[in-house]
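Worksheet: the structure to be examined is printed underneath.
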Amino acid sequence: MGQIKQPQEVLLITAVFSSLDTAFDWTLCRAEETFGKIALRSPPFPFEQFTDYYTPSMGGRLPKEIWAFEKLIDPAVLPQIKCLTNQWEEEFALTNKAALDSALSRPLNIDPGYIDLGKLILASTKDHAHRIYLSQGIFAETTLIYTQKHWQALPWSYPDYQSGNCQTFLTQCRELLKRLRTG
């Protein structure tokens, strides 16, 4: 029989995208108040080059950034984090309603997840065949695996996470995780 043990802490990441520049500073403030200081921040990249799925609800120009936090987390708290980031999305939409284009029903998207040495996990409110239910209406998927010194996509991996620039950043995050675990 295998021995039950607690998992190691993991590196929290959040992917943030919006057509509104103000959304990034607004989210950064809440994220650092809640999760602690950001250790790594990806350069913005044009998310709309990978999909037009969000264009009707979020607009056409969608820069995306990924942030990694200094403080490691227990992977079991991912559902609470996803519920919280969903609340932030709603709060941003409500507090900026007067300034928003009425066509933007979702002006901000925040996707939390975590990096462990062998995988990138993302949280979702949507079920699918490859997703596992965690709790509180939240599912998780392994989006990428790290094997043979590089990130490997899976059949359901989002195109932006398969891009070279994104994977270079995720490798930096993985190296940060190794340093934080030993330091």
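The values are calculated or read from the model by the stated rules, or taken from the named source; none is laboratory data. Computed from a predicted structure; not experimentally measured. Here the Cβ positions follow ideal geometry from the backbone for every residue, glycine too, while neighbour counts run over all protein chains shown.
When you go through (1) without any contact (Cβ under 8 Å) to a residue 40 or more places away in the chain; (2) touching a Cys at 6+ places or on another chain (Cβ under 8 Å) one by one for residue 160, which number turns out not to apply?
The single condition residue 160 does not satisfy is (1).
Restricted to region 158-183, and to residues that are out of contact with any Phe, Trp or Tyr (no Cβ under 9 Å at 6 or more places or on another chain) and of a type in the set (S, T, N, Q), which residue is farthest from residue 130 (Cα to Cα)?
So the residue we want is 182.
Within region 141-157, which residues are surrounded by 14 or more Cβ atoms within 10 Å (Cβ to Cβ) and either in a strand (DSSP E or B) or in contact with a Pro (Cβ under 8 Å, 6 or more places away or on another chain) (or both)?
141, 142, 143, 144, 145, 146, 151, 153
Taking the stated definitions as given, is residue 93 assigned to a helix (DSSP H, G or I), among the small types (Gly, Ala, Ser) and closer than 21 Å to residue 137 by Cβ?
yes
So, in region 127-140, of the ones that are surrounded by fewer than 19 Cβ atoms within 10 Å (Cβ to Cβ) and touching a Phe, Trp or Tyr at 6+ places or on another chain (Cβ under 7 Å), which residue ends up farthest from residue 176 (Cα to Cα)?
For region 127-140, the residue satisfying everything is 127.
Would you point out the residue of region 105-133, among those that are of a type in the set (Ser, Thr, Tyr) and at pLDDT 95 or above, that is farthest from the chain's Cα centre (by Cα)?
If we take residues in region 105-133 being of a type in the set (Ser, Thr, Tyr) and at pLDDT 95 or above, then 133 is farthest from the chain's Cα centre (by Cα).
Return the pairs, sorted by first residue and then second, in which the second residue is part of a helix (DSSP H, G or I) and among the hydrophobic types (A, V, I, L, M, F, W, C), the first residue lies in region 68-92 and is in contact (Cβ under 8 Å) with a residue 60 or more places away in the chain and under 14 Å from residue 122 (Cα atoms), the beta carbons are less than 7 Å apart, and the residues are 6+ apart or on different chains.
Cβ pairs passing all conditions: 68/173; 68/176.
Scanning for something among the small types (Gly, Ala, Ser), buried (at least 19 other Cβ atoms within 10 Å of the Cβ), in contact (Cβ under 8 Å) with a residue 40 or more places away in the chain and part of a helix (DSSP H, G or I), does region 15-27 turn up at least one residue?
Within region 15-27, one or more residues are among the small types (Gly, Ala, Ser), buried (at least 19 other Cβ atoms within 10 Å of the Cβ), in contact (Cβ under 8 Å) with a residue 40 or more places away in the chain and part of a helix (DSSP H, G or I).
Being assigned to a loop (DSSP other than H, G, I, E, B), in contact with a helix residue (DSSP H, G or I) (Cβ under 9 Å, 6 or more places away or on another chain) and in contact (Cβ under 8 Å) with a residue 24 or more places away in the chain: is that true of residue 51 here?
yes
Part of a helix (DSSP H, G or I) and in contact with a Leu (Cβ under 6 Å, 6 or more places away or on another chain), is that true of residue 56?
no
Tell me the residue from 69, 47 that is crowded, with 19+ Cβ neighbours inside 10 Å, closer than 24 Å to residue 131 by Cβ, at pLDDT below 95 and within 15 Å of the chain's Cα centre (by Cα), please.
Criteria check complete, one pass: 47.
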